[in-house]
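Since the structure comes first, as structure tokens, the remarks are kept for the end.
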Amino acid sequence: MTLKEISILNYKNIRETTLRFSDKLNCFVGLNGQGKTNILDAIYYLSFTKSAYNAIDSQNITHNEDIAMIQGRYLFDSTHSNEFEVISCGIKRGVKKQFRRGKKDYQRLIDHIGLIPLVMVSPQDSELISEGSDERRRFMDGVISQYDKQYLEYLTRYNALLKQRNALLKQYEDHPLQAPSELFEVLELQMAELAIYIHQQRTAFIQRFTPAFQEMYSAIADDSEQVSLHYTSQLQNRNLIESFAQTRQRDLIVGWTTQGIHKDELEMQLGDYPIKRVGSQGQQKSFLLAMKLGQAIFLGKPILLLDDIFDKLDSERVERIIRLVSSDRFGQIFITDTDRQHLTTMLDTQSHLASVFQVSNGQFYTL
């Protein structure tokens, strides 16, 4: 999977540009706030039909403009030909966005997920460690959804049913004895059936993913520390239908659903302790990089976006990361930095396969 060219109109601070990319390494150099992250976000948008940073589409349109457009020309490895496939989207204020593959509009955006596998590494990843369990579930869901469409379907349906159950709990919060048990039972039965599959796939994913994650951490930290991941779920030791029934009255009091796979957790450990509690800034950054690079290995050479990844890392870890991502184990890479110095080693080994762009005020200049 290779992104050969992207055309952008009015996306954030990028007024209008068309860029052609190297099949291996693409570097964006410039000061903060000039548009380096925005170009990565546009590439992300073409894979996931949304921004990595702003869920409100209209806020991604350049100020004082009404529309934004992004179009990418891709070469799919599976085609074994030189035919390109065009993926495009249009965003207009007050109108539902359009997403198109070739000349055909998607009827459901969910059908596009997984077509263009992509992994993004950014400073925002720190939330995986610092924030609540919903961030870590989102990580698992994001990876699994790229290779298992049924999982994404089931997860979407489960979340819709969860929303219905929570609304019903709120409706009868002041009169819990009047709550219609039959309606709750219908919702809970459907949720439990979907939850079984979601739990199974999360369990299988962590078992298969952990070796790739640990390998990446060892490569970054030079085997000096041991890390692990542990997936925990209420479904590991209880029947969800029975749990729903047993906790329904308590749920009516608190006004939300206390049982289910939406409470699952992914524990992240350095040695025998939570990385959040004992890890230094450098260790936590290495842990997060290993999670994302492990994801790239797991998915099999997806497009890899690396946004400002060198902050809070010592020079030795930076050098190991550069050598690692420059290897043949990774596919097409897009990387940003404020200083070209960090990229010198990478460019020395990949100069014949690299494109370098200077970014200034939303404009791009080939170096």
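Since every read-out is calculated from the coordinates, none of them should be taken as a lab result. Remember, it's a predicted structure, so these values are computed and weren't measured experimentally. Ideal geometry is used to build each Cβ from the backbone, glycine not excepted, and the neighbour counts take in all protein chains shown.
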Inset, instruction - For the chain, with a Gaussian network of springs between Cα atoms less than 10 Å apart, report the residue from 325, 95, 227 with the top mean-square fluctuation. - result: 95
Legend entry - Karplus (6.51, -1.76, 1.60) ³J(HN,Hα), θ = phi - 60°, over segment 119-129, in Hz, Gly and Pro reported as x: 10, 10, 10, 8, x, 4, 4, 4, 5, 4, 8
Legend entry - Whole-angstrom gap from segment 171-188 to segment 228-253, using each part's C-alpha centre: 18
Inset, instruction - Specify the inter-centroid distance of segment 299-313 and segment 281-296, based on alpha-carbon positions, in whole Å. - result: 9
Legend entry - Acute angle (nearest 10 degrees) that the helix 149-171 long axis makes with the longest principal axis of the chain, alpha-carbon atoms: 50
Inset, instruction - Would you grab the residues whose amide H sits under 5 Å from the one on residue 62? Only those 5+ places off in sequence or on another chain, please, with H modelled 1.01 Å from N. - result: 11, 12
Inset, instruction - With 26 Å as the limit, write out which pairs from 4/285; 50/292; 12/276 have Cα-Cα distances beyond it, or answer none. - result: 4/285; 12/276
Legend entry - Additional length obtainable on full extension of the chain from residue 172 to residue 273, 0.36 nm per residue less Cα span: 32.2 nm
Inset, instruction - Post the alpha-carbon centroid distance, segment 1-77 to segment 134-159, in whole angstrom. - result: 24
Legend entry - Amide H within-cut-off set for residue 357, under 5 Å, with H built and near neighbours excluded: 27, 28, 29, 367
Legend entry - For residue 4, residues with placed amide H under 5 Å, excluding near neighbours: 73, 74, 75
Inset, instruction - Sequence neighbours fewer than 8 away in the same chain don't count; with that in mind, list the aspartates and glutamates whose C-alpha is under 13 Å from residue 170. - result: 251
Inset, instruction - Take the Cα radius of gyration of the chain and divide it by 2.2 N^0.38 Å, with N its residue count; two decimals is plenty. - result: 1.08
Inset, instruction - Using only Cα atoms, find the angle between the long axis of helix 315-325 and the longest principal axis of the chain, and express it within 0 to 90 degrees, rounded to the nearest 10. - result: 90
Inset, instruction - Round to the nearest 10 and give me the degree value, 0 to 90, for the angle of helix 133-144's Cα axis relative to the longest principal axis of the chain. - result: 60
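How would you rank 158-169, 32-43, highest first, on the average number of other Cβ atoms within 10 Å across their residues?
Working: 158-169: 16.6, 32-43: 21.5.
So the order, starting with the most tightly packed, is 32-43, 158-169.
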